[in-house]
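Inspection log for the structure reproduced underneath, given as structure tokens.
The values are calculated or read from the model by the stated rules, or taken from the named source; none is laboratory data. On a predicted model such as this, the values are computed, not experimentally measured, just so you know. In this analysis, Cβ positions are derived from the backbone assuming ideal geometry, glycine residues included, and neighbour counts consider all displayed protein chains.
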Amino acid sequence: MLGCRRKSWLALALTAGMLLAVAGCRQDMHDQPKYKEYRPSAFFEDGRSVRPLVPDTVARGHVDEDPLLYTGKIGKDFANEFPFPVTKEVLARGQQRFNIYCTPCHDRVGTGDGMIVRRGYRKPPSYHIDRLRKQPAGYFFDVITHGFGVMPSYAAQVPVRDRWAIVAYIRALQLSQHATMADVPSGEQAKLAQSHE
């Protein structure tokens, strides 16, 4: 009986000793070697542990300073102008982004007959109807940014400048379906006339 008690005490003492050893070995993250901000450091030549900021990396003022760029509006009204020049590169980027994000519903020419619509999703209006052809550019930017009807917001997927590029491409699509000979530059009109002879 005495031997049994002695073994139990020995086992209990051994277990307690192991628990204390394990607890003593614990090293929290706050005990790890590191520099605290603004403390001196022998590692860097200037003796500081905090590195200086790289010039021009900190935003000055409010990031969304250009309301036209970020809202598509001038005051409370949708703008019909673009916040930056629409170049060939902007249109190419707009076409690329349109083909990725918009064609599943709107199709490649903007008639609203995309693959998802053919499979039962609600059909969006064609970009070529009078109501949408008369809308200012800022309206399309706002719809891409906030969504409209069953269309969700694409603000998280499409950066601001790409949204404007898509709007520029939508305008090009609208013009392509309703252009007249007067819209063609005079130098190109002669080429078109020759190709139709």
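Okay, here's what the table says:
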| quantity | calculated |
| --- | --- |
| Qualifying residue in the range 160-173 (condition: more than 18 Å from Val86 (Cα to Cα), out of contact with any Cys (no Cβ under 7 Å at 6 or more places or on another chain) and touching a residue at least 60 places away in the same chain (Cβ under 8 Å)) | no |
| Qualifying residues in the range 124-169 (those that are among the hydroxyl-bearing types (Ser, Thr, Tyr) and over 12 Å from the mean Cα position of the chain (by Cα)) - the one surrounded by the most Cβ atoms within 10 Å (Cβ to Cβ) | Tyr169 |
| Residues within the range 93-127 that are in contact (Cβ under 8 Å) with a residue 40 or more places away in the chain and in contact with a strand residue (DSSP E or B) (Cβ under 9 Å, 6 or more places away or on another chain), tallied | 1 |
| Candidate set from the range 80-118 (those that are under 21 Å from Leu132 (Cβ atoms) and of a type in the set (Asp, Glu)); member that is surrounded by the most Cβ atoms within 10 Å (Cβ to Cβ) | Asp107 |
| Test: residue in the range 149-156 that is modelled with pLDDT of 95 or more and of a type in the set (Phe, Trp, Tyr) | yes |
| Selection status of Gly187, surrounded by 18 or more Cβ atoms within 10 Å (Cβ to Cβ), of a type in the set (Gly, Ala, Ser) and either out of contact with any Leu (no Cβ under 7 Å at 6 or more places or on another chain) or outside any helix (DSSP H, G or I) (or both) | no |
| Test for Arg60: is it part of a loop (DSSP other than H, G, I, E, B) and either exposed (fewer than 10 other Cβ atoms within 10 Å of the Cβ) or at pLDDT 80 or above (or both) | yes |
| Close pairs from the range 74-92: first in contact (Cβ under 8 Å) with a residue 60 or more places away in the chain, partner not in a helix (DSSP H, G or I), Cβ under 7 Å, at least 6 apart | Phe78/Gly72; Phe78/Pro136; Pro83/Asp66 |
| Test for Ala11: is it more than 37 Å from the chain's Cα centre (by Cα), modelled with pLDDT of 70 or more and surrounded by 10 or more Cβ atoms within 10 Å (Cβ to Cβ) | yes |
| Filtered residue count, the range 119-141, keeping only those that are in contact with an Asp or Glu (Cβ under 9 Å, 6 or more places away or on another chain) and of a type in the set (Ser, Thr, Tyr) | 1 |
